[in-house]
1. Within segment 186-236, count every residue that is aliphatic (A, V, I, L, M) and touching a Gly at 6+ places or on another chain (Cβ under 7 Å).
2. If I ask for residues that are part of a strand (DSSP E or B) and modelled with pLDDT under 50, which ones from segment 1-39 would you list?
3. In the set ARG139, ARG161, ARG169, ARG199, which member is modelled with pLDDT of 95 or more, closer than 28 Å to LEU290 by Cβ, not hydrophobic (A, V, I, L, M, F, W, C) and not in a loop (DSSP other than H, G, I, E, B)?
4. From the list ARG208, ARG237, ARG230, exactly one residue is more than 19 Å from the chain's Cα centre (by Cα), open to solvent by 10 Å² or more (accessible area, probe 1.4 Å) and among the basic types (Lys, Arg). Which is it?
5. Taking strands (runs of 3 or more DSSP E) that fall entirely within segment 279-373, which contain at least 1 residues that are among the acidic types (Asp, Glu) and open to solvent by less than 70 Å² (accessible area, probe 1.4 Å)?
6. What is the residue count in segment 161-200 for residues that are in contact (Cβ under 8 Å) with a residue 12 or more places away in the chain and touching an Asp or Glu at 6+ places or on another chain (Cβ under 9 Å)?
7. In segment 40-57, which residue that is in a strand (DSSP E or B) and open to solvent by 10 Å² or more (accessible area, probe 1.4 Å) is farthest from VAL19 (Cα to Cα)?
8. When HIS84 is evaluated against the numbered criteria (1) buried (at least 17 other Cβ atoms within 10 Å of the Cβ); (2) at negative phi, which criterion, by number, is the only one it fails?
Amino acid sequence: MKSIVLWLIGGILWSQTHVRRLDGASLSPAALDATIERLMAAGNVHGLGVSVLNDGQVAYSRTFGLRDASRGLPLTPETVLCAHSFTKSAFATLVMGLVQEGALDLDKPIAAYLPKPLPEYEKYKDLATDGRHRKLTLRILLGHTAGFANYAFMEPDGKLRIHFEPGSRYAYSGEGINLAQLVVESATGKGVAALMEERFYRPLGMKRSAMTWREDFAANFAVGHDPDGRPLEYRRRSSARAAGTMVTTLPDFTAFMVALMQDQLLNAKSKAEMLKPRIRIRSRNQFPTLSGETTRENDGIQLSYGVGWGLFKSKKHGWAYFKEGHDDGWWNHVVCFEDKRTALILMSNSQNAVGIFKALLEEILGDTETPWR
């Protein structure tokens, strides 16, 4: 009889059994280890965490490589990693919880939740002459259809502006997510860091997750690496931003995804609303955000955006939702095939990691449809 070894990781009890791919094939943990190590070596990837979920449970979770190549320090399950834009989807899930409770409405103009007109806030004064700001809603902001650049500082003159009719097209924007944070904090009277702690981190046992830096992270924290393996400085955040300041570990973020898949964070109706396609994506690339280049190459998978998550429909495996998170020296990716109840989480502190993510999805999950281009 095959023996089963159990671990308690991030509050989740999981077993080292074979991992099931989308096509029904199975992979042993040893085969997965070998695949990951081979791809990391070929791609010169310095550190990587990988979790696979089957039936909404952890089937495999392991860290590889180094958290700091210059000092030869290993990346471990306890290593704190930069989540970057994973933060956006976790925040959107938090917002959906507040919608579920009746505290917020996705389609009500955000002005209903703010104590003063949006242009009276210093950060949004540039919108004073554009009445379209009155059309902004949480659904528009969390679906990246506000018409903002990714961030105002990326505009040639550094001024925030609305480039198209809100809700009419997709254009990725951290600026829109941070505006949603202002709305949520105004409506609840609580900061986003406190909300994430009380709704996710504490109940899910995510003890090494936060929206800002904590000194207890310093003993085991990953640094990012450029393509040559040189360490990149990390700015230790003292203020929380819903667009990307979350730090977490592989087991902690895996616990979050398990809870989401098992409908522990949202009821089935709210989760379906969050993951309902709202805007078709036909931009050729996600960045630069406001590029006018379009393509029909993703029509076959119905590439879309919902509330805080990207969406596509696999021809073989049904609907999937996904999120990326990256910055210089960091690449993260999560994809969940809802109908198959199967997910893959990838978190890396290496600029080179994006070069192997496509192969990891293909070899570990059998996913050949994620729209990498």
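1. Matching residues across segment 186-236 total 4.
2. Residues satisfying the conditions are LEU6, TRP7, LEU8, ILE9, ILE12, LEU13, TRP14, SER15.
3. Matching residue, one of ARG139, ARG161, ARG169, ARG199: ARG139.
4. ARG230
5. In segment 279-373, the matching strands (runs of 3 or more DSSP E) lie at 318-327.
6. 5
7. Once the filter is applied, the top-ranked residue is GLN57.
8. (2)
The values are calculated or read from the model by the stated rules, or taken from the named source; none is laboratory data. Keep in mind that this is a model prediction, so the values were computed, not measured. Heads up, the Cβs are rebuilt from the backbone with ideal geometry, glycines too, and the neighbour counts pull from every protein chain shown. We work out accessible area using only protein heavy atoms, side chains counted, and drop any ligands, DNA or RNA first. Shrake-Rupley method; radii C 1.70, N 1.55, O 1.52, S 1.80 Å.
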